[in-house]
Structures are given as structure tokens and as C-alpha cells.
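The values are calculated or read from the model by the stated rules, or taken from the named source; none is laboratory data. The model shown is predicted, which means the values in this text are computed figures rather than measured ones. All Cβ positions, glycine included, derive from the backbone under ideal geometry; neighbour counts span all protein chains shown.
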Amino acid sequence: MRNNEMRIQNSEFKIQERKKKVLCFLLYLFCMLTSGFWILPLVAYADDLTVIISKLQKTYDGIQDIRANFTQFTTSASIKETRKAEGIVYFKKPGMMKWEYKSPSKDVIVSDGKTLWAYQQDIGQVITGDVAAYGTYISNNFLAGIGNLKKDFDIELSENDNSAYLLKLNPKVPQPNVQKLYIAVDKKTFLVAKTIVYDFLGNETKVVFENIKTNQSLSGNIFKFKIPEGVKVVKP
């Protein structure tokens, strides 16, 4: 009986992991304002606040696209198991992005800013639809350019070490998939180096970015997706 329960929990975790990948995409989408990537109103020590905001704004004003390697760790609160995934992520203004998973599966999540495609190659399925249809109330506000992180979140400085500011963003309006969100901002580059998301079940998704390259003149074709023949298409 115990083995059956463990198999059921493990199966549910795998399903949740797939959902996490789509959720991860959407979280970055609503954090990316129409004026740039992750332009966040940082909260740090009072003496540093003005300098931090000024440097962050200057950095992202000059960024048109980003390419980075990422490692994703998804931890189940129920079975205390962590799964690791790796890949490459691309961003391009305005609102385009692509998550290319290299392991353990070859999933792809891509958006041209209007349409979302989530391709699960191992099961031959593509989830697709309008980006706004997948978003929460907060994400829709950001997509429309009327979102305000100070209005939508209570923001506090969780840690301030030698390398990064770790910010805790607490949703003021309860969100169906997000209990709390942390963002680590590198002190030297003022780029987002890590995010940590907790859902209401206590499951954690941590994404670490490395080898971040900016302004690589990424082609818009990267953010288009052609649905392979014979693949099942699922729409909301």
C-alpha cells in the first residue's frame, strides 16, 4: 500500500513539475515590463536605495536581449524530492522569450509576446494559446503595461550579502499559484541571478542563471514555434 502511495505521489510531482515550467515562464513574463527586463523597485538599505535603482535602470535601459544558461531545481514538499533541469533561456524586447530545456527532457517554452507554446516532446504535446489567457490578474496588468510591483507586492530585503540583494516579494492579492517569490540581484552587474518561487503546497522552484550575455542581436525568429506534424495540440 505504501509503495502505491509513493508511486501516486511521484506521478503527481512529475505533473506538477511540468506545470512549474509553464508557471516559471509566466512569472518572468509578468516581471518583464514593456520598458525592459525585470525593472524592479528594489528595497535595500535606505542609504543605497537611490544608487541601486539608478544603476539598475541604467543597466536595463541599455539591454535589448539576453541569453543565459539556467539550472532549475524543483522540490516537492510532500515527498521531499528535488528534480534538476537545465537549459538555455532567451529574452528579447518587447515581451519575447524562449526556455529551451536540454535535460532531463527536451521541453520548449516560447512566446513571441502574443502567443505561448509549451512543447513537451517526450509525450508529443503542445500547449498553446494567447499569452494573456495564461496569466493571473497581476500578470495581465504587467502585460498591459499598467502593473506596479509596489502596489501588487510587499517588498522587503531578505538578505544583503557581498554578491547579491535577495528580495522577497509578497503578493498583496492572493495568487492561485504563488505564495511567495524571491529574486536575487547581482550587485556587480545588476542582473537577476536567481529566482525562488513557492506555491501554496510548499513546493519550491529555484532557477539559477549563469553565463548571462546581453545585446547579442537575437533574431525574432528564435521566438517563433512551428508545431511539429502529428503532435497533439492543447488549447485553454
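Can you give me the number of residues within region 76-89 that are within 16 Å of the chain's Cα centre (by Cα) and either under 21 Å from F200 (Cα atoms) or surrounded by fewer than 20 Cβ atoms within 10 Å (Cβ to Cβ) (or both)? Lay out the reasoning, then the answer.
From region 76-89, those within 16 Å of the chain's Cα centre (by Cα) are 84-89; that's our starting set.
Okay, now just the ones that are also either under 21 Å from F200 (Cα atoms) or surrounded by fewer than 20 Cβ atoms within 10 Å (Cβ to Cβ) (or both), so 84, 86, 88.
The qualifying residues number 3.
Scanning region 159-192 for residues that are hydroxyl-bearing (S, T, Y) and buried (at least 16 other Cβ atoms within 10 Å of the Cβ), which turns out nearest to T205 (Cα to Cα)?
Quick first cut of region 159-192, residues hydroxyl-bearing (S, T, Y) only: 163, 165, 182, 189.
Then drop every residue that is not buried (at least 16 other Cβ atoms within 10 Å of the Cβ), which leaves 165, 182.
Numbers: Y165: 19, Y182: 10 Å.
My answer is Y182.
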If a residue must be out of contact with any helix residue (DSSP H, G or I) (no Cβ under 7 Å at 6 or more places or on another chain), modelled with pLDDT of 90 or more and in a loop (DSSP other than H, G, I, E, B), how many such residues does region 95-151 contain? 2
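Please work out which residue is surrounded by the most Cβ atoms within 10 Å (Cβ to Cβ), limiting yourself to region 203-219 and to residues that are under 17 Å from E100 (Cβ atoms) and within 20 Å of the chain's Cα centre (by Cα).
V207
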